[in-house]
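Visitor: Input: one structure, supplied below.
Please treat every number below as a calculation from the coordinates, not as lab data. Not measured: the values here are computed from a predicted model. Note that each Cβ is placed from the backbone with ideal geometry, even for glycine, and that neighbours are counted across all protein chains shown.
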Amino acid sequence: MQKVRWGVLSTATIGTGQVIPAMQQGTYCEIAAIASRSPEKARAAAAQLGIPKAYGSYEELLADPEIDAIYNPLPNHLHVPWSIKALQAGKHVLCEKPIALTSAEGQTLVDVARQYPHLKVMEAFNAPANQPCKIWYQHGDETEEIQVEACNQYTLQGDAFSQAVLNNTGVPTPIEDAVANMKVIEAVFQSAKTATWVSSPSE
């Protein structure tokens, strides 16, 4: 079965502790490389997680022709610059939330992504849910109970993105949605600051 070969930028805890192990359980994901500015940290994380390649710089990972897609869990202020570098290196990008520090910065990533229409870009929007749960849905005078099986949304997210890459289909949550969400959040803060209604600007 064909899989997407993933490279991970940084040894951030959210990646090594949650996202990478979950994606390794996926059907369409192969975590092939990890990078850190510290070669020792990269090698340690690779050994711990069974990742074949460890790089002592992000540039080295992006230059690897065997890497198809990048997962970017870098600090927030590095999300856009390194996602852009990944696109320029010909890699698909799954970037940890928030996609950017401002909607304007996020729009910069959207604009660059549009120059690479063959590459997929998505904000890592999901969080894990490893326990079964019940949902009560009320329609009319009746309440229906729905049992939801345990799942890890990081695994599902990785597979959904990988399938979009393999099948050349749309990603579940387009990058434009992430920017639109940021515009709404900015409008909420502006409304609180001015004590007035603020309309979120459309794209």
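Visitor: Provide a single number: the residues in segment 156-170 that are over 20 Å from GLN18 (Cβ atoms) and among the aliphatic types (A, V, I, L, M).
Guide: 3
Visitor: Counting only residues that are out of contact with any strand residue (DSSP E or B) (no Cβ under 6 Å at 6 or more places or on another chain) and in contact (Cβ under 8 Å) with a residue 40 or more places away in the chain, how many does segment 1-27 have?
Guide: Residues that pass the stated criteria total 10.
Visitor: Determine whether segment 92-103 contains at least one residue that is out of contact with any Pro (no Cβ under 6 Å at 6 or more places or on another chain) and over 22 Å from ILE185 (Cα atoms).
Guide: yes
Visitor: Now a separate question. Among what's in segment 92-101 and is out of contact with any Asp or Glu (no Cβ under 7 Å at 6 or more places or on another chain) and assigned to a loop (DSSP other than H, G, I, E, B), pick the residue that is surrounded by the fewest Cβ atoms within 10 Å (Cβ to Cβ).
Guide: Per the criteria, the residue is LEU101.
Visitor: A follow-up question, please. Consider ALA42 carefully, then state whether it is touching a residue at least 12 places away in the same chain (Cβ under 8 Å), among the small types (Gly, Ala, Ser), crowded, with 23+ Cβ neighbours inside 10 Å and under 24 Å from THR155 (Cα atoms).
Guide: yes
Visitor: Return the total of residues in segment 46-63 being in contact with a strand residue (DSSP E or B) (Cβ under 8 Å, 6 or more places away or on another chain) and farther than 11 Å from ILE34 by Cα.
Guide: Matching residues across segment 46-63 total 0.
Visitor: Give me the residue from segment 3-38 that is more than 11 Å from GLY158 (Cβ to Cβ) and among the charged types (D, E, K, R) and, out of that set, surrounded by the most Cβ atoms within 10 Å (Cβ to Cβ).
Guide: ARG5
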